[in-house]
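Only one structure is covered here, and it is reproduced in the block below.
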Amino acid sequence: MDYYSEHEGRVYTEVELRLMGVTEGEAISALGLSPLRYVMPVYDAGLYTVEPDGDPFFDGQVYVQKIATVARPLEVARAEVKRRATAHRWAVETGGISVANYGRVLTSIEDQNRIATAIQGCTSANIQEVDFKGADGWVSITREMLTQISVLIAEHVQLCFTRERELHEAADACTDVSMLAAINIEADWPGQGA
């Protein structure tokens, strides 16, 4: 807990008081310090910082310090929105797709490579059907269906990159941090339905 000294007009942190050897409630009161409660806004720490909003005031029980948000520099906030869009793209891209009659198919880079290798092997060896383990378990799948699944995955990946690009371009068009804060990173990704 922090404490406020009305006489000095400053805040003492609990760590500062301990370093001064002041740890008891009575000793804190003897110094004329009162508990300080912060009124914190809800804010996005990637886009905003906080600072005291005016001086602490006594509310009849404790001193209260209101806290205000301050926008980070536009380029810093823009880079953060783009970083989040990229991270979300990766999560959606590699999170899998649903394929009718086969369930959920994983789409990590390793899964994409495994499917491509299976198609190549089936084609080279003229194998028409393989056992395939998807996210929901085992299925027997034809080479043609495996190829169709690889196309669906490629389309899914491309749609993910398209959405990420849209978000980056939206961030580039913003002229202040409040516009950046209004961008919904999690909306309109493939696989979310209409």
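For ALA173, which of the numbered conditions (1) closer than 25 Å to THR123 by Cα; (2) open to solvent by 30 Å² or more (accessible area, probe 1.4 Å) fails to hold?
The one condition ALA173 does not meet is (1).
In the set ASP53, ASP111, ASP59, which member is closer than 30 Å to GLY137 by Cα and charged (D, E, K, R)?
ASP111
TYR4: among the aromatic types (Phe, Trp, Tyr) and outside any strand (DSSP E or B), yes or no?
no
Being loosely packed, with under 10 Cβ neighbours inside 10 Å, in contact with a strand residue (DSSP E or B) (Cβ under 9 Å, 6 or more places away or on another chain) and part of a loop (DSSP other than H, G, I, E, B) is the requirement here; does ASN101 meet it?
Criteria met by ASN101.
Can you tell me which of THR49, THR69 is open to solvent by less than 60 Å² (accessible area, probe 1.4 Å) and either of a type in the set (Val, Ile, Thr) or under 19 Å from ASP2 (Cβ atoms) (or both)?
Within the list THR49, THR69, the selection yields THR49.
Is there any pair with a first residue in the range 171-194 that is in contact (Cβ under 8 Å) with a residue 12 or more places away in the chain and a second that is aliphatic (A, V, I, L, M) and open to solvent by 60 Å² or more (accessible area, probe 1.4 Å) whose Cβ atoms are under 7 Å apart and which are 6 or more apart or on different chains, and what are they?
Pairs that qualify, where the first residue is in contact (Cβ under 8 Å) with a residue 12 or more places away in the chain and the partner is aliphatic (A, V, I, L, M) and open to solvent by 60 Å² or more (accessible area, probe 1.4 Å), are PRO190/LEU159.
Do we find that GLN112 is open to solvent by less than 90 Å² (accessible area, probe 1.4 Å), without any contact (Cβ under 8 Å) to a residue 24 or more places away in the chain and in contact with a helix residue (DSSP H, G or I) (Cβ under 7 Å, 6 or more places away or on another chain) in this structure?
No, not satisfied.
Can you name every residue in the range 34-92 that is of a type in the set (A, V, I, L, M) and in a helix (DSSP H, G or I)?
Within the range 34-92, LEU74, VAL76, ALA77, ALA79, VAL81, ALA85, ALA87, ALA91, VAL92 qualify.
How many residues are assigned to a helix (DSSP H, G or I), in contact (Cβ under 8 Å) with a residue 12 or more places away in the chain and farther than 16 Å from ARG104 by Cβ if we restrict to the range 137-154?
Residues meeting the conditions: 2.
Per-residue answers, yes or no, for (1) assigned to a helix (DSSP H, G or I); (2) under 20 Å from HIS88 (Cα atoms); (3) of a type outside the set (Ser, Thr, Tyr):
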position: ASN113; (1), (2), (3): yes, no, yes
position: GLN120; (1), (2), (3): yes, no, yes
position: HIS156; (1), (2), (3): yes, yes, yes
position: LEU167; (1), (2), (3): yes, yes, yes
position: ALA171; (1), (2), (3): yes, yes, yes
position: LEU180; (1), (2), (3): yes, yes, yes
position: ILE183; (1), (2), (3): no, yes, yes
position: PRO190; (1), (2), (3): no, yes, yes
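The values are calculated or read from the model by the stated rules, or taken from the named source; none is laboratory data. Source: prediction; values computed, not measured. No Cβ is skipped: glycine too gets one built from the backbone with ideal geometry, and neighbour counts run over all protein chains shown. SASA here: full protein model, heavy atoms, side chains in, ligands and nucleic acids out. Shrake-Rupley method; radii C 1.70, N 1.55, O 1.52, S 1.80 Å.
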